[in-house]
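Trainee: Take a look at the following structure, please.
The values are calculated or read from the model by the stated rules, or taken from the named source; none is laboratory data. Worth saying up front: this structure is predicted, and the values here are computed from it rather than measured. Cβ: placed from backbone, ideal geometry, glycine included. Neighbour counts: every protein chain shown.
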Amino acid sequence: MRIVEWRFSGEIIEWRGPAPFYFVAMSEADSAELKEEARELIYWGQVPVQAVIGRTEFRTALFPRDGRYLVPLKDAVRNAEGIGEGDVVAVVVRPSRQTGD
């Protein structure tokens with residue numbers, strides 16, 4: 001696999017399940033491209049990535065939902081960057097062979 005990355009901006013959204021979770025959604029076009037590029041890394045529909053928001057770099061796995069991939073934002077990332085629900089953030093993701101912490 002060649003080294004590729006996706007850069008995009010998106011609004012932080014909250015999904016309320018058993019506990020609140022925060023995500024930034026990729027566009028449908030970027031999600032389709034990433035799915036094709038990282039097909040050998042996908043497991044249970046998730047794609048392991050290295051992500052960057054601001055100065056914070058972290059490992060995570062993207063979740064598919066309604067034709068788009070969602071970038072999960074742990075408390076540590078949101079606290080380090082001082083961001084929260086409704087904020088628009090710039091995100092960089094690169095497919096990775098390793099999953100989140």
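Trainee: Has the range 88-98 got any residue that is modelled with pLDDT under 95, of a type in the set (Gly, Ala, Ser) and not in a loop (DSSP other than H, G, I, E, B)?
Mentor: no
Trainee: Then there is this: If I filter the range 1-46 down to residues being among the basic types (Lys, Arg) and not in a helix (DSSP H, G or I), which single residue comes out as modelled with the lowest pLDDT?
Mentor: ARG2
Trainee: Additional query: Please count how many residues of the range 47-75 are among the polar types (S, T, N, Q) and either assigned to a loop (DSSP other than H, G, I, E, B) or surrounded by fewer than 18 Cβ atoms within 10 Å (Cβ to Cβ) (or both).
Mentor: 2
Trainee: For the structure I just gave you, tell me whether GLU28 is of a type outside the set (A, V, I, L, M) and surrounded by 13 or more Cβ atoms within 10 Å (Cβ to Cβ).
Mentor: The answer is no for GLU28.
Trainee: Further question on the same structure: Look at PHE21 and say whether it is farther than 18 Å from VAL92 by Cβ, among the aromatic types (Phe, Trp, Tyr), surrounded by 12 or more Cβ atoms within 10 Å (Cβ to Cβ) and touching a residue at least 40 places away in the same chain (Cβ under 8 Å).
Mentor: yes
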